[in-house]
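Notes follow once the structure below has been shown.
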Amino acid sequence: MLIGELAEQAGTSTRMLRYYEAHGLVRPERTANGYRCYDEAELRVVREIRGLLAVGLGLDDIRPFVACLRAGNPSGDACPDSVAVLRRKLAEVDDYIDQLGAVRRQLQTQLAHAITVRPR
């Protein structure tokens, strides 16, 4: 399939596909006239990339998932390197949740204080 067809099927733009290609995540074949041509495996890769970007992973974090798919695994998270990225990202999210919890508690304390010492 050509780049426009892949973009449509993957729910992205041709510009993003070129961006993924520039970062080594997507590998098109080239036709005799230089057009990019993609197979179903690249569609799987692009869908994996988009899903991982949607949960906050960066392009460098996504590389192990793409490599895992290219190695013939049914899923990009079936490899140890991918699992390591997921564990690290989960730890980051847990840290953010802890930080937000502390901010929330501080705001609750300040609000309770503001309500009890309201000027007349």
With all distinct Cα pairs included, what does the Kirkwood hydrodynamic radius of the chain come out to in Å, to one decimal, could you say?
-> 17.1 Å
Taking only C-alpha positions in the stretch 1-50, Rg and Dmax in angstrom work out to 9.6, 29
Quickly estimate the mean residue ellipticity at 222 nm for the chain, helices only: each DSSP H run with n ≥ 4 gives -39500 (n - 2.57), and the total goes over all residues, rounded to 500.
-> -22500 deg cm²/dmol
Once you put a point 7 Å from the Cα of residue 67 and another 7 Å from the Cα of residue 90, both along the Cβ direction, what distance in nm separates them?
-> 2.1 nm
With each label point set 7 Å from Cα along the Cα-Cβ vector, what nm distance links residue 5 and residue 102?
-> 5.4 nm
From fewest to most C-beta neighbours within 10 Å, the residues 116, 31, 14 line up as 116, 31, 14
Under the Cβ-under-4.7 Å rule, which cysteines of the chain stay unpaired?
-> 37
Amide N of the stretch 28-44 lying under 20 Å from the label point, which is placed 7 angstrom from the Cα of residue 14 along Cα→Cβ = 28-40, 42-44
Can you pull the one-decimal nm distance between simple spin-label points at residue 110 and residue 39, each 7 Å off the Cα toward Cβ?
-> 5.8 nm
Rg and Dmax of the stretch 50-120, Cα atoms, in Å?
-> 20.4, 71
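Readers should treat all values here as calculations from the given coordinates under stated rules, not as data from a laboratory. These numbers come from a predicted model, not from an experiment. We place every Cβ from the backbone using ideal geometry, glycine too, and count neighbours over all the protein chains shown.
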